[in-house]
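Below: the structure, in structure tokens.
The values are calculated or read from the model by the stated rules, or taken from the named source; none is laboratory data. On a predicted model such as this, the values are computed, not experimentally measured, just so you know. Because the Cβ atoms are built from the backbone with ideal geometry, glycine has one as well, and the counts that use them run over all protein chains shown. Note: areas computed on protein heavy atoms with side chains; ligands, DNA, RNA excluded. Shrake-Rupley method; radii C 1.70, N 1.55, O 1.52, S 1.80 Å.
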Amino acid sequence: MVGVIISIIVACIASFTALSLNERVQKNSFFHYLFWLILASISLGLGIWAMHFVGMTAITLPISMHYNWILTFVSLIPGVLASFIFFYWVNKPIQSWWKYIIASILMGLGIAGVHYIGIRSMEMDVQYVYDRPTIFIALCISIMFTQTALFSIKYSSKKTKNFITKTFSSILIGCAIATTHYVGILAISVYAPRDYLVATAENHSMHNTFLGVTVTFFLGMLIGVLLLSSMMDRYVKYRANYFDNLTMLPNRRSFESYIEKSVIGQTLAVWHLHDFGKINQEFSFMFGDEVIQHLTKIFMDYKPPSARLFKFESNRFAYIMRTTDDTNIHEMLIAMEKIAEILKRPITIKNKKIVLPGVCAISAVKDYRDLHSIYSNALAVFNDSSIEHKHEVIMFDPVIHTHTFEKELVDGIEKAMINKELYLVYQPKINLRNVEVAGVEVLLRWNNSKYGFLSPAVFVPILEENSKMEMVTDWIVEQACKQMYQWKKENISLGKVAINIPGHYVTSSALLKRLISITSSYEICPNEIELEITETSFVSNIEEAMRAVGVFREKGFSVALDDFGTGVSSLSYLKQIPISTLKIDKTFIEEVPNSHKDSLIVQAIIALGTSLGLEIVFEGVETKEQVGFLRASCENPILQGYYFAKPMRAEELFHWQENIKQKFADKI
Ligand code: C2E
Ligand code: CA
Ligand code: CA
């Protein structure tokens with residue numbers, strides 16, 4: 001009895017491992033998806049095989065028997081092959097009933113193949129025959145279990161309770177394997193000569209136990225290795241995303257996620273090494289790398305004990321401390337001053353003496369809800385006009401620094417446009433039904449001469465507050481139309497071009513005038529342009545906003561409601577404002593299909609949008625699972641996100657859109 005239970009557990013564990021590995025097929029991985037498909041198939045195939053042989057140890061026949069080792073190993077093949085076909089179809093995006101049924105039948109046959117070749121590998125002194133109807137019943141039960149497991153796997157990709165569904169599916173597959181085996185054994189009748197001696201029974205039992213233990217041991221090892229490789233894959237991805245590969249220090253992304261999760265105030269010290277690019281230019285990138293490694297050592301050596309060190313961009317190091325006590329801030333200050341002393345002296349690398357100019361900014365934010373500003377505080381310090389990059393260590397002061405940082409951006413915007421620090425990137429939106437580019441969204445970028453690359457999430461609100469975004473939007477519309485004109489000349493069709501319109505500018509008559517005059521001067525038809533507006537445009541004056549949107553629509557422009565779901569608006573706005581498109585905010589997409597709540601919210605928004613006859617765009621799509629979920633939930637989804645493409649310069653976009661259908665054939 002123990003043998004029977006162990007054999008079923010072996011089958012269920014192997015199925016669970018295989019299903020876990022199969023999940024990696026759908027995720028962006030360091031390894032090719034075929035790697036995971038093959039591992040999942042081997043794992044399940046081995047599980048079927050091991051179950052059979054462990055199961056045989058549970059039966060002690062009073063006959064002499066030994067194994068034909070070649071057939072024993074051949075019996076592994078049908079299980080692995082059937083598992084491969086099974087997983088291959090499970091992962092296909094487009095499914096039909098007949099494919100499910102064929103996959104289940106093949107799986108049932110694969111399990112039966114292992115079982116009957118396995119029996120054949122047992123060479124006995126006796127004769128045996130099969131009862132065909134019982135075999136047929138065993139096969140049917142096995143197919144039924146597999147079929148149910150297949151449905152539950154597909155179901156689990158849409159719904160949230162992934163672990164439970166996976167466990168349930170593993171038990172079903174385990175039962176399918178066990179049924180074929182044990183009902184299959186019932187179908188065997190053994191015939192021995194009347195005077196057959198049973199003295200060898202003990203021998204056979206030992207033989208079997210040895211095989212059972214060996215199989216279980218190797219299966220355990222294999223599952224261990226497979227799980228390890230899956231963990232390694234996750235780890236490689238995690239390291240690549242969250243660590244700087246030169247210094248091995250956590251990077252800016254790591255810092256941001258650390259800050260997001262913080263529930264207490266923090267103290268930050270950022271070292272900005274000035275003109276670091278010059279070192280690379282003057283010597284070489286390799287030399288620059290050595291300098292960074294040398295600096296890493298200094299920063300590690302002088303790290304305050306309770307601080308964590310991060311590496312930002314190419315020329316910034318940052319310490320963060322989980323406290324804002326005066327004594328700790330003082331400790332941070334002393335450590336930074338020691339580093340400043342060291343950096344003032346020339347450092348020797350490869351017989352070259354260099355002095356690195358730099359400055360350190362310290363910012364302490366006591367309320368964790370304000371932590372999002374901790375890094376921009378440091379940026380504001382770097383902008384202080386008194387800074388000479390002579391290794392000053394400066395505490396952030398809101399009165400002096402914020403004002404200067406914002407003022408610098410506001411004053412510098414016009415120059416930035418002329419100097420081409422400001423430029424546009426385009427992010428495609430994909431129509432999932434025909435795998436064509438449904439349109440592109442225009443996004444603004446600022447490579448600031450002083451602060452380096454600035455996120456629009458930082459500078460757009462500052463420009464908006466200082467009434468500069470109207471002028472910048474006019475410039476964006478002009479640049480975008482110029483680009484569209486160029487694409488037309490080159491016969492490139494990218495669908496509608498979406499332009500973000502800041503809150504209060506939507507209701508301005510100047511915007512409409514600009515739009516009409518710029519589009520006509522570049523021979524662009526308004527229906528080639530979509531205006532992305534947010535709920536902030538109509539919170540202050542809904543009637544005004546409704547009127548403005550109505551006029552845009554009359555003139556032929558499409559209007560999309562951006563970041564839908566994050567704002568404060570009531571749903572009745574949706575009915576009143578004549579928008580054409582609903583853009584569901586990426587915060588909802590982030591957690592689907594894993595979060596049950598978010599999945600339901602997204603489905604509810606889809607139902608709402610569809611009933612109002614709106615086009616629905618999903619932003620922030622990053623994984624294959626999200627694509628699968630959205631395809632299943634929405635009739636005609638349009639997707640935008642890093643999974644398909646990051647925002648690109650027009651030249652890059654040109655190459656990206658070539659052969660798009662082939663490119664995405666197996667990605668969606
Ligand atoms: P938004 O209008 O919601 O733009 C979408 C943002 O999501 C963009 O960030 C885009 O790069 C990012 N994104 C796209 N796909 C993914 C993804 O798969 N995952 C994640 N995590 N993010 C994704 P970006 O370009 O940094 O812009 C941030 C915000 O700044 C924009 O949000 C918009 O509010 C504002 N902004 C950007 N460009 C302009 C512009 O030209 N005009 C105006 N008025 N605002 C702009
Ligand atoms: Ca947008
Ligand atoms: Ca958005």
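Descriptive notes on the structure:
- Any hit, region 612-625, residues being out of contact with any helix residue (DSSP H, G or I) (no Cβ under 7 Å at 6 or more places or on another chain) and in a helix (DSSP H, G or I): no
- Pick from region 603-628, criterion of a type in the set (S, T, N, Q) and within 19 Å of V559 (Cβ to Cβ), ranking: surrounded by the most Cβ atoms within 10 Å (Cβ to Cβ): T610
- Residue identified as farther than 28 Å from I584 by Cβ and either among the small types (G, A, S) or open to solvent by 20 Å² or more (accessible area, probe 1.4 Å) (or both) among S517, S493, S537: S517
- For region 231-243, the count of residues that are within 26 Å of L356 (Cα to Cα) and either assigned by TED's automatic domain parsing to the domain that holds S373 or open to solvent by 30 Å² or more (accessible area, probe 1.4 Å) (or both) is at least one.
- Listed by first and then second residue, the pairs linking a residue in region 578-595 that is over 16 Å from C634 (Cα atoms) to a residue that is in a loop (DSSP other than H, G, I, E, B) and away from ligand 1 (no atom under 13 Å from the Cβ), with Cβ atoms under 7 Å apart and 6 or more places separating them unless they lie on different chains, are I579/L614; S580/L614; N594/T160; S595/T160.
- Some residue of region 483-491 being within 12 Å of ligand 1 (Cβ to nearest atom) and of a type outside the set (F, W, Y): no
- Taken as a whole, the condition of being within 13 Å of ligand 1 (Cβ to nearest atom) and outside any helix (DSSP H, G or I) does not apply to W475.
- Inclusion of I579 among residues that are within 15 Å of ligand 3 (Cβ to nearest atom), farther than 30 Å from V551 by Cβ and modelled with pLDDT of 90 or more is not warranted.
- Failed condition for P456, given (1) open to solvent by less than 10 Å² (accessible area, probe 1.4 Å); (2) within 16 Å of ligand 3 (Cβ to nearest atom): (1)
- Residue-level check: of (1) among the polar types (S, T, N, Q); (2) more than 16 Å from V440 (Cα to Cα); (3) open to solvent by less than 60 Å² (accessible area, probe 1.4 Å), Q479 misses just (2).
- Taken residue by residue, region 420-441 has at least one member that is among the aromatic types (F, W, Y), open to solvent by less than 40 Å² (accessible area, probe 1.4 Å), touching a Pro at 6+ places or on another chain (Cβ under 9 Å) and more than 23 Å from T536 (Cα to Cα).
- The single condition from (1) part of a helix (DSSP H, G or I); (2) of a type in the set (V, I, T); (3) open to solvent by 10 Å² or more (accessible area, probe 1.4 Å) that T566 fails is (1).
- Screening F557 against (1) within 16 Å of ligand 3 (Cβ to nearest atom); (2) in contact with a strand residue (DSSP E or B) (Cβ under 6 Å, 6 or more places away or on another chain) leaves a single unmet condition, (1).
- If the condition is being within 21 Å of Q483 (Cα to Cα), away from ligand 3 (no atom under 16 Å from the Cβ) and in contact with a Leu (Cβ under 9 Å, 6 or more places away or on another chain), then region 618-660 contributes R649, A650, L653, Q657.
- One residue from I579, I492 being assigned by TED's automatic domain parsing to the domain that holds N431 and within 16 Å of ligand 2 (Cβ to nearest atom): I579
- Residue tally, condition part of a loop (DSSP other than H, G, I, E, B) and either more than 8 Å from ligand 1 (Cβ to nearest atom) or not assigned by TED's automatic domain parsing to the domain that holds V497 (or both), over region 635-649: 6
- Residue list for region 459-469, filter: more than 16 Å from ligand 3 (Cβ to nearest atom) and surrounded by fewer than 18 Cβ atoms within 10 Å (Cβ to Cβ): E465, N466, S467
- Among the conditions (1) surrounded by fewer than 15 Cβ atoms within 10 Å (Cβ to Cβ); (2) modelled with pLDDT under 90; (3) within 30 Å of the chain's Cα centre (by Cα), I259 misses just one, which is (1).
- Test: T587 is open to solvent by 10 Å² or more (accessible area, probe 1.4 Å), among the polar types (S, T, N, Q) and in a loop (DSSP other than H, G, I, E, B): no
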